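Step one of this worksheet: look at the structure below.
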Amino acid sequence: MFMESEMLTKTRMLSANLCFVVLLGGCLMISHPALGDMTEPPEAAIHTHIDTVHGVERRDDYFWLRHRGEKEVLDYLTAENKYTEEVTAHTKNLQDSLYKEIRGRIKEADLSVPVKDGDYYYYSKTEEGQQYNIYCRKYQSLDAPEVILLDLNQIAETVKYLDLGTFEVSPNQNLLAYSLDTTGGEQYTLYVKDLVTGQMLPDKIENTNGASWAGDSKTLFYVTQDEARRPYKLWRHPLGEDVAKDKMIYHEKDDAYFLSIDLTRSKEYLLLELGSKMTSEIWYLKADNPSGEFKVFHPRQQGLEYSIDHRKGKFYITTNDNALNFKVCEVDESNPSKDNWIDLIPHRIEVKIDGINCFENYMAVYLRENGLTKIMIYEYDTRRQHYISFDEPTYTVYGTDNVDYHSQVLRFSYMSLITPKAVYDYNMATEERTLLKQREVLGGYDPELYQSERIFATAEDGTKIPISLVYRKGLKRDGSNPMYLYGYGSYGYSMDPYFSSSRLSLLDRGFVYALAHIRGGGEMGRQWYDDGKLLHKRNTFTDFIDCADFLVKEKYTTHDKIAISGGSAGGMLIGAVVNMRPDLCAVAVADVPFVDVMNTMLDPTIPLTVTEYEEWGNPNIKEYYDYMMSYSPYDNVTAQEYPAMLITAGLNDPRVKYWEPAKWTAKLRKLKTGNNALILKTNMGAGHGGASGRFDYLKDLAFEYAFILDQLGLNKGR
């Protein structure tokens, strides 16, 4: 129930007798007075924008919300936030309780596992009550005095948002290059600190997106972005010289390609990496020759993807050349022409190779088989291969912090839906593993109280869709359980099962947590991705629907007890699903959702648009336009009863502009029937990832959980 006694009486933002209509340039423009506080939902003014695509007139009533600089737009977003605060005020006690509960499981003062690089041990730490990491190192011994390299908490005192981008120590370990974003707009400023004196150098570079040291520890290579926030130029900066005189090394003019700079694990080569969604091109340069010229490894060839690493005079290539799920090749560094590539680890249709780490004597190969992540160790001299074994039915494993190229020890992280993140060292010669650290969950967490499983739903075309589940033991499959069902299904990104101490707040209230591994992701190999993109994109949405229906059929839950959730492209999933099957769930959460598909993809000035033609299709081609129009969430809102919905946005978001969720909310509010809640929560000082502080993020999560619990009738004030 609403806490009406604590609210002031508000008036509607729109009054018909104060509106007037102007016809301007073929567009119907409606003006209205400034928005004020209200208990009724705010109504967005209708300023109809008209354009023509493929000979068909398109009308957009809320196109005006793109004009961020207009007072009317900011007033509207502020009004939506005020409305959200008021209609959720009765959940404030529950929000506070959840926040304390979630935060109480976190060990606030903690250390990462130290990583040895040369004579130094590097690690990060968090302190009680502090929002951000502190980066440190010790010389030669872990018993040596601690030296703080960078304390983000001190910087955060003067800004509302903070994100660390680059963090690169020079090869001689005397300098630190780091970059910061203070708006959420993903535009980073690069700084250089002298780690010997502790002083900041005058070198400061704006609008960067990645950087790497040359071998001389005197030269930085860095990337800058164009107006659409696309990383597109590589520059060389000699320390101490005027940034304005830096030499541009490469300019990527094709809007479909992003540029990045990296270093091989051997630290012998700098790699200028260029990539679209389907094609790769890499240029390489000896790291100890920063004034030299980069050479192309293999020129871009449409549809050919590859990445490279280096070891003992050879390059190792992970590629899809005649290999749908990728293979590993090797070639001599003196003549790396593609004609000389030799298959080392051949293609297998049942196993996808996600990547490799080259060590001096071993190679760690990261694989995906039947939807599960695996690690294979390859010994160069003997050509022997072996797998690292894991026992749980659903889990996630990945390499981490392997900076020592000469080591025979692989460091990896492991977690599952019930096992907190653990860091291991694995001796690739003796096959022995050592647990270095497992994340501590305060409050007496007992994994034996929970159960995870992996089941398969059957899609409408007969495809088996994996679902990862976790819940408290003793669960009765009688349809009485609430469920949180999450999905993504885009870009070939795999949503692997991970541990979340925050999630325990749902599990301990009887929830089943389900992760649907739908097509469009990469869980089941490259074909899984291909079958959920371009003209097959609707598979992503129908897979998710089929997973929900299957979970109901198997009596894990019922439709009126399901909360569905997804973010970014996963927000598009949520938008498409509630249009197609509004009865699928009781609650839907769409975080920074990509929902205004057609308007965004028809505007090449918006970040990511052109490069994503290979993901969604180019709407300037009618076949793709028609197909995208068939599922675009914003374009398919109709007069029907939608579930209760929480939609979030970030005013500074460069990936999904704030106006997409804002426009979608306005259109839903105009057309939807019924009385189910619809709220928009815009973070006015953040971007795509929401709040940057670790505790501020938990407040956002507690708000979401409280909304779900309340809408499912589970708000018991605790």
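Quick notes on this one:
- Most to least packed among 311-319, 593-601 [average Cβ atoms within 10 Å]: 593-601, 311-319
- Axis angle, to the nearest 10 degrees, between helix 538-553 and the longest C-alpha principal axis of the chain: 70 degrees.
- Phi angles across segment 499-512 convert, under the Karplus curve 6.51 cos²θ - 1.76 cosθ + 1.60 with θ = phi - 60°, into 3J(HN,Hα) values of 8, 9, 5, 4, 4, 4, 5, 8, 4, 6, 9, x, 6, 9 Hz, Gly and Pro given as x.
- Rounded to the nearest whole Hz, the Karplus-based 3J(HN,Hα) values (6.51 cos²θ - 1.76 cosθ + 1.60, θ = phi - 60°) of segment 384-392 follow the sequence 6, 10, 8, 9, 8, 8, 9, 9, 6, with x at glycine and proline.
- Approximating the spin labels as points 7 Å out from Cα along Cα→Cβ, the residue 477-to-residue 370 distance works out to 1.9 nm.
- Filtered GluC sites (Glu not before Pro), segment 409-489: DSSP coil and at most 13 other beta carbons within 10 Å: 431, 432, 440, 460
- Full extension of the chain segment joining residue 85 with residue 379 gains 100.0 nm, where the gain is 0.36 nm per residue of separation less the Cα-Cα distance.
- Phi angles across segment 462-467 convert, under the Karplus curve 6.51 cos²θ - 1.76 cosθ + 1.60 with θ = phi - 60°, into 3J(HN,Hα) values of x, 5, 8, 10, x, 9 Hz, Gly and Pro given as x.
- Degrees, to the nearest 10: 569-580 long Cα axis against longest axis of the chain: 30 degrees
- Mean Cβ neighbour count within 10 Å, used as a protection proxy, ranking 287-296, 269-278 highest first: 269-278, 287-296
- Extension gain for the segment residue 390 to residue 251, taken as residue separation times 0.36 nm less the Cα-Cα distance, is 45.5 nm to one decimal.
- Segment 573-718: antiparallel DSSP beta bridges as a percent of all, rounded to 5: 10 percent
- Mean separation of Cα contacts under 8 Å (6+ apart) over length of the chain, as relative contact order %: 10 percent
- Within the straight-line cut-off of under 21 Å between alpha carbons, the lysines reachable from residue 716 are 92, 100, 561, 699, sequence neighbours fewer than 8 places apart in one chain being disregarded.
- Mean residue ellipticity at 222 nm, helices only, the chain: -5000 deg cm²/dmol; runs of at least 4 DSSP H residues each add -39,500 (n - 2.57), and the sum is divided by the number of residues.
- Links that overshoot a 27 Å alpha carbon limit, given the list 193/245; 125/218; 622/672; 233/295; 116/233; 374/657: 125/218; 622/672; 116/233; 374/657
- Using a cutoff of 8 angstrom between alpha carbon atoms and counting only pairs six or more residues apart, the relative contact order for segment 279-322 works out to 35 percent.
- Alpha carbon centroid spacing (whole Å) that separates segment 268-342 from segment 476-499: 37 Å
- Charge tally around residue 189: other residues with Cβ under 9 Å, Lys/Arg +1 each, Asp/Glu -1 each, net -1.
- Net charge of neighbours whose Cβ lies under 13 Å from the Cβ of residue 474, counting Lys and Arg as +1 and Asp and Glu as -1: +1
- Neighbour net charge for residue 237 - beta-carbon separation under 14 angstrom, K R +1, D E -1: -1
- Taking 0.36 nm per residue of sequence separation and removing the Cα-Cα distance, the residue 535/residue 197 pair yields an extension gain of 115.9 nm.
- In nm, spacing of pseudo-spin labels at residue 286 and residue 432 (7 Å Cα→C-beta vector): 4.0 nm
- Nitroxide proxy distance, nm - points 7 Å out along Cα→Cβ at residue 676 and residue 508: 3.0 nm
- Share antiparallel - DSSP beta bridges, the chain, percent rounded to 5: 85 percent
- Amide H contacts under 5 Å for residue 53: 58, restricted to partners 5 or more places along the chain or on a different chain, H placed in the peptide plane at 1.01 Å from N.
- Tilt relative to the chain, helix 92-103 - C-alpha long axis, 0 to 90 degrees, to 10: 10 degrees
- The amide H of residue 457, built 1.01 Å from its N in the peptide plane, has 465, 467 as neighbours under 5 Å, considering only residues 5 or more places off or on other chains.
- Given +1 at the Cβ of Lys and Arg, -1 at the Cβ of Asp and Glu and no other charges, the dipole of the chain around its Cα centre is 960 debye to the nearest 20.
- Cα gyration tensor category, rounded, prolate or oblate, for segment 206-298 with a/c compared to 1.5: oblate
- Extreme residue, positive dipole direction of the chain, given options 171, 487, 201 (C-beta unit charges): 487
We did not get these values from a lab; they are worked out from the coordinates using the rules stated. Model, not experiment: these values are computed from the prediction. Every residue, glycine among them, receives a Cβ derived from its backbone with ideal geometry; neighbour counts consider all protein chains shown.
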